[in-house]
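First the structure, in the form of structure tokens, and then the observations on it.
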Amino acid sequence: MKKLKLLLIAVVGIMVVSCGNMNQFFGAVKNGGVINAITSVIGLDKVSAQGLIGSWKYSGPRCAFTSENLLAKAGGEVAAAQIEEKILPYYQKVNISANNTYITFNQDGTFSSKIAGTSFSGTYTFDEANQQIKLKGMLLSITCYTKREINGISILFEAKKLLSVLQTMAALSGRADLQTIGDLSKQYDGVRVGFDMNR
């Protein structure tokens, strides 16, 4: 895994430098963008079933690519950092914060959560091999993905699915402002976006 990360850093570095973006590349390295993006490929850093158990709170936006090929096509770590920067204002606009966005996975297969202050609870199943979580509530069922991060985990959705989740939360809470995040589904098709979560 360590060798793979170093190889990806070297390859992406060559790609960026060859495109004349040396300053942008080294700026991304300085800010941790390279490591964040290289580890932002679904499946490279897996969460165990036991490691998922517990309470997790929102700490920022997160994006992930489904393969190394998509990561390379998108422009590597610089693109990943830029996507997360562009997502943040959307989240801030709908008031997603550590105080109102969190999830708890229980040992008995139940979960409880809040997204932008709207409660959502029910049962879940976790496919460890594919890092896929299926959340099933009374009015809503969601499929999302998780990935181990340096300081916790990320909970990720296909962009269109995240829009659907937030629109449902808007309907349940009566908050029309949550629907302003709809542009996400148009801009980031093929990239999974969601939440960076820590303890």
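The values are calculated or read from the model by the stated rules, or taken from the named source; none is laboratory data. As the structure is a computational prediction, the values presented were derived from the model and not from experiment. As a convention, Cβ positions derive from the backbone with ideal geometry for all residues, glycine included, and neighbour counts pool all protein chains shown. We work out accessible area using only protein heavy atoms, side chains counted, and drop any ligands, DNA or RNA first. Shrake-Rupley method; radii C 1.70, N 1.55, O 1.52, S 1.80 Å.
Once the other residues with Cβ under 9 Å from the Cβ of Glu149 are scored (Lys, Arg +1; Asp, Glu -1), what is the net sum?
Within the 9 Å Cβ shell, the charges total +1.
Taking all protein chains in place and a 1.4 Å probe, what share, in percent, of the accessible surface of the range 102-160 do carbon and sulfur account for?
So the carbon and sulfur contribution to the accessible surface is 49 percent.
What is the gain in length, in nm to one decimal, between Thr104 and Arg148 on full extension, counting 0.36 nm per residue of separation less the C-alpha to C-alpha distance?
Full extension from Thr104 to Arg148 adds 14.3 nm.
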